[in-house]
Amino acid sequence: MVNPHPTPFLSPPPGLRDLERARVVIVPVPYEGGISYGAGTSGAPRAILEASGQLEFYDEVLGAEPVQVGIATVEAPPVPSDPKGMLRKVFAVVTHLLERDKFVGVMGGDHSITSGTVRAFKKRYPDLGVIQLDAHADLRETYRGSPFSHACAMARIREMTPSTFQVGIRSLSADEARRVHRENLALCTMEQWRSGAFDWKGALAGLPEKVFVTVDVDVLDWSVVSGTGTPEPGGFLWDEALFLLKSIFDAKEVVGFDVVELSCRPGDLNSPFAVAKLIYKMIGFKFARQLSRTV
Ligand SMILES: [Mn+2]
């Protein structure tokens, strides 16, 4: 079902990247069948893995090396180009890893992969909340005739769980805005975040204990990640994103995450490196209490 990746995330030494022993498993899904604008998300996993080799194992904030929990990376599963087949495959691979009690992080690919991942988590954890960091609400029922577009990611997820929290949003249609209002969805726009007008801690408290976090990298400001297919100005700065993510990991039991929509341009070393570091930071937040301080 899964094979070790030849260039694993972070390039841990043997023993710390072993699939059997690792607590964390990274799953690359280089799929971009659901995009609508800029292409290139299929190249993201390889760029992130390459950039991750430049990361320090040591996290100076934690005073520890999160890699010590073991981080394995599996080879990208062979995914068909049709969205239904892709979702079935992602579901099967993630289910396989969750049955082995792994903390699974999926690297996209575009945002259409997330509903396959969340379906697997929902089966494992029936009372599951989903937190979306994204510039876009992704609440359209269909987009350009397809329910599997990346523009429909949260519409698909809300068919699986009523417990969602969306944050960083700064682009949505009037229809989506009406849906947010009508269904009283927990959605914090970027403007509400900046002005302090949204009780996001209350929104977190209202979610089930176990949550899955989906990070669309376009939630980040261009100064942090410019390489994405549907860019929106005015996103989270690096420290703000880490503050929000740490708050989520402190308040909830995060059972897994994905990071999607990185779209690499030749010569842009910053974007894949920032995304690799963001993934490592999340692993650190997850296991912070179990790590022994290095210094
Ligand atoms: Mn987005």
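None of the figures in this text is laboratory data; all of them are computed from the coordinates on show. For clarity, every value in this text was computed on a predicted model and none was experimentally measured. Quick reminder, even Gly has a Cβ in these numbers, built from the backbone with ideal geometry, and neighbours come from all protein chains shown.
With R₀ set to 22 Å, the beta-carbon distance separating Ser223 from Phe243 gives a calculated FRET efficiency near 0.85. Give the distance, in whole Å, between the Cα centre of the range 229-261 and the Cα centre of the range 81-145. For the range 229-261 versus the range 81-145, the Cα centre distance is 17 Å. Other residues with beta-carbon under 14 Å from the beta-carbon of Ser271 carry, at +1 per Lys or Arg and -1 per Asp or Glu, a net charge of -3.
Within the chain, antiparallel bridges make up roughly 10 percent of the DSSP beta bridges whose residues both belong there. With a cut-off of 14 Å between beta carbons, the residues surrounding Glu75 carry a summed charge of +3, where Lys and Arg count +1 and Asp and Glu -1. Here the chain is assigned +1 on the Cβ of each Lys and Arg and -1 on the Cβ of each Asp and Glu. Its dipole about the Cα centre then comes out at about 720 debye.
The label point for Ser36 and the one for Ser81, both projected 7 Å from the Cα toward the Cβ, are 2.2 nm apart. Averaging Cα coordinates gives a centre for the range 168-204 and one for the range 1-63; these two points are 31 Å apart. Once the Cβ-Cβ distance between Glu253 and Glu183 is put in as r, and R0 is 22 Å, what FRET efficiency do you end up with, to the nearest 0.05? Given R0 = 22 Å and the Cβ-Cβ separation, E is 0.30.
Computed over the Cα atoms of the range 154-272, pair by distinct pair, the Kirkwood hydrodynamic radius stands at 15.3 angstrom. For the chain, taking Cα atoms only, Rg and Dmax work out to 17.5, 55 Å respectively.
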